[in-house]
1. What's the carbon and sulfur percent of the chain's accessible surface, probe 1.4 angstrom, rounded to a whole number?
2. At 7 Å along the Cα-to-beta-carbon direction for both E62 and R232, put a label point, then send me their distance in nm to one decimal.
3. How big is D for the chain, in µm² s⁻¹ as a whole number, if Stokes-Einstein is applied with the Kirkwood radius of its Cα pairs at 37 °C and 0.692 mPa s?
4. Ignoring everything but the protein chains, give the 1.4 Å probe accessible area of T200 in square angstrom, nearest 10.
5. Mind checking which lysines have their C-alpha under 28 Å from K168, skipping anything on the same chain fewer than 8 residues away?
6. Over the heavy atoms of K182, what accessible area does a 1.4 Å probe trace out, to the nearest 10 Å²?
7. Starting from the range 204-234, pick out the GluC sites (Glu not before Pro) whose DSSP state is loop and whose Cβ has at most 11 other Cβ atoms within 10 Å.
8. Using a probe radius of 1.4 Å on heavy atoms only, what accessible surface per residue do you get for the chain? Whole Å² is fine.
Amino acid sequence: MAAPLALEVSGLSRAYGSHRVVDRLDLEVAEGDIYGFLGPNGAGKTTTMRLILGLIRRDGGEVRIFGESDPVRSRSLVGGIVEGPRFYPYLSGIDNLRVLAAYSGGCTDARIIELLELVRMRDRANDPVRTYSLGMKQRLGIAQALLGSPRLLLLDEPSNGLDPKGMKEVRDLIQRLREDLKVTVFVSSHLLHELDLLCTRIGIIQDGVKVAEGTTEDLVQPGENLESCFLRLTEPGEAGQIR
Ligand code: ATP
């Protein structure tokens, strides 16, 4: 029997008023994937991630995480940062993690230190978060999302606003999560070059509908790069929408 998918989204829908923001969306993420989630501004990426994390109510459809559709049982399997990590600026990085761990049932200090080492923040752990660069805050946010030891991690634009060194640090961290901790990663971004370097598979949505899903080799045509492929698939009137 085939292993369950890390994430299976089927027929997922969500409207705000009369605006259907996520429209019968199907996605498949295999265990071990680094899955890049792309779409133009307002395509519904963040809404989809909030639905997967159970942060907002869905109007229809199903989300299975490692085969588990029960929202309570699947909660321990998934973690994420959506719309940026938020910290207490005057507390240190380690104290922020202690407070956030306490909210979600607790976590040993040894585990918190292990996570700080993983995200390369051990040496700055006792400094107040207000003194951190954006890249450090993003890495601390990833440590926060890992507090519950999820097997699937959702990251919403983790490299947004970072300089090239910061982007590389986040990219290296995501690769370590996959290789060393066997975490499956679902990451949204507008930084197509970053996703091209990082992802094993990608999914593209537009107006809440999937327009493509596969490896970059599957999607990119001869003479294209990921950017020109993305622009072609999301061009108004492009008849590439997949149900
Ligand atoms: P971006 O790339 O700009 O971050 P996105 O693909 O993440 O965009 P969403 O943030 O999911 O897109 O938003 C999709 C649509 O839903 C947008 O038109 C947005 O204005 C709308 N929307 C999102 N949240 C709400 C809300 N709470 N109430 C009403 N409309 C909302």
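The values are calculated or read from the model by the stated rules, or taken from the named source; none is laboratory data. Please read these numbers as outputs of a predicted model, since none were measured by experiment. Neighbour counts run over all protein chains shown; Cβ positions are idealised from the backbone, glycine included. Ligands, DNA and RNA are stripped out before the accessible areas are found, and what is left, the full protein with its side chains, is counted by its heavy atoms. Shrake-Rupley method; radii C 1.70, N 1.55, O 1.52, S 1.80 Å.
1. Within the chain, the accessible surface is 49 percent carbon and sulfur.
2. Inter-label distance under the simple model: 3.5 nm.
3. Using the Kirkwood radius from Cα pairs, D works out to 177 µm²/s.
4. Number for this one is 40 Å².
5. Candidates past the 8-residue exclusion: K45, K137, K182.
6. It works out to around 140 Å².
7. Here no loop site has a sparse enough neighbourhood.
8. With the other protein chains kept in place, the chain gives 48 Å² per residue.
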